[in-house]
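Structure first, then comments.
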Amino acid sequence: MLIKLEWRKRGANLIISINKMASPVKYIYYFIHVLSSKMQDENKNIIIILLVLALFTGATIELSEGSTIMGVILFIIAAILISRIELRGTEGLLQSSRNFMLIGGFIVAADLIFNYINSSELGTLDSMVFFLGISLIAMGTGRKDFKQLGEFGFYISSVFTGLYLIFYSSFGYFNIDFIHLFDHYFVLMPTVAVIKMLGIPVEIIATETVILYGSEPMTIVIGGPCSGLYSMFLLIGIVAGYSRIEKMEIKRTLSLLGFAVLIAYIANLIRVLILYITAYLYGMDTMMIVHTHIGWMIFAVTAGGIMYIVNRK
């Protein structure tokens, strides 16, 4: 895979010329270029930001559980998309400081050292903490473009980390059973109802567990990341960061926030339904392969598609 990027200024816009790249990346880039050129700047930014976060999440999942090559490709596409974001804020809300670089470097190093000492794999929270550190480093560079993207990343990662600590760590510490109840009533029961309507035999045997009767009985647990809360946290962070930097009105911010959460919820229900159907038709092994890849794909397609439809209207 050979990618050559040439950067040049044309007025206020930063143009990317890609002379040679792998075919999958090339076609996706051309699609993004045509799609984004037909949209208003504000709505284009929202769609690009949604896709960047979906690709970032997908790359993290692929590198840890799936294909390393696919993970690298997703990171490259995310980098190309980031270069097309045009934030209108002039100076942002946070002032540049070398202290940001020191704090960011410390966070990144501490996260890596902690996982190395404990021989643990990098998880979702680790990825967002790492993202937080990189964002702080970018904010401390003093360059306007890096500072704006760094500030945006700071809002996304800090909001996600804060919500994660509240809903997963704090609720668990105080024995608040929110996550399991959410999984049962808002994910498992709606998807099981749809599956039964399709004529697929399924039985609920526990709060987050079902038995699916395909070629053989299969026990499937719907919990943890399957709740879709990670996607909601990411989108809330996106809205928070975008609204702060672009100085959006509170009413519009709240509307966009509700719409983003709805997107995440619908996308996750579709993902769980696909997993059920895959397990019923092809078995558990195939379902686990699909499980690794389908989440971020559904998130990206649903988020980008709905936002594009809203823009057309």
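Please treat every number below as a calculation from the coordinates, not as lab data. Quantities reported herein were computed from a predicted structural model and do not represent experimental measurements. Counting neighbours? That spans all protein chains shown, and the Cβs are built from the backbone with ideal geometry, glycine included.
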Report task. Only loop residues by DSSP count here, and only those with at most 16 other Cβ atoms within 10 Å; note down the chymotrypsin sites (Phe, Trp or Tyr not before Pro) in segment 109-192 that meet that. Result -> Phe174
**Report entry** For segment 131-196: rounded, prolate or oblate by the Cα gyration tensor [a/c cutoff 1.5]
**Finding:** oblate
Query raised in the report: Per the Cauchy relation, a quarter of the hull surface: what is the mean projected area of the convex hull of the alpha carbons in segment 96-140, in nm²?
Result: 2.6
